[in-house]
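Just below is one structure, and these are the notes that go with it.
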Amino acid sequence: MASSYYLMNESKPIAESRLWQAVIVSTIEEWISGPLRLKRQAEEYLFRDDSDFPAVCQSAGMDVGRLRAKLIRLRTQSAAAKAPVQVPGQAPVQSPVQSNAQSLAQPAVPSSSQLLR
């Protein structure tokens, strides 16, 4: 009986840790691909909250400084992938991700000026 009590107490911190990890993952998912309002709220929480977020990270068994550093790197890489590439002496060139997104956003139906050519 005593050994089963010990195992139940041992699993409780693991379960709590996983719960808080899920909270962090959910917030990161909202920051990456949620609606704009949720993205902004998630970014505020992940990068600027100095009371609740560090406590959640501690409960999840994560170091808030390391996590924020990784998220900052991710944000920087994402911004760099979206920025046009500038070659000296030439017009800016869009990354393949941007040009593909723009081509998908363009209507499939030709404009009237294209039809008249």
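Of everything in the stretch 33-83 that's among the hydrophobic types (A, V, I, L, M, F, W, C) and outside any helix (DSSP H, G or I), which residue is surrounded by the fewest Cβ atoms within 10 Å (Cβ to Cβ)?
Filtering the stretch 33-83 for residues among the hydrophobic types (A, V, I, L, M, F, W, C) gives 36, 38, 42, 46-47, 53, 55-57, 60, 62, 64, 67, 69, 71-72, 74, 79-81, 83.
So of that shortlist, the ones also outside any helix (DSSP H, G or I) come out as 62, 83.
Numbers: M62: 16, A83: 12.
So the residue we want is A83.
For the condition at pLDDT 95 or above and in contact with a Pro (Cβ under 6 Å, 6 or more places away or on another chain), what is the one hit in V64, V23, V56? Talk me through it step by step, then tell me what you get.
Details: V23 fails: in contact with a Pro (Cβ under 6 Å, 6 or more places away or on another chain); V56 fails: in contact with a Pro (Cβ under 6 Å, 6 or more places away or on another chain).
Matching residue, one of V64, V23, V56: V64.
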Show the residue pairs that are 6+ apart or on different chains and have beta-carbon atoms under 7 Å apart, the first residue being within the stretch 66-95 and within 22 Å of P54 (Cα to Cα), the second being exposed (fewer than 10 other Cβ atoms within 10 Å of the Cβ) and at pLDDT 65 or above.
none
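The values are calculated or read from the model by the stated rules, or taken from the named source; none is laboratory data. This one's a predicted model, so the numbers in the text were calculated from it and none came from an experiment. Neighbour counts run over all protein chains shown; Cβ positions are idealised from the backbone, glycine included.
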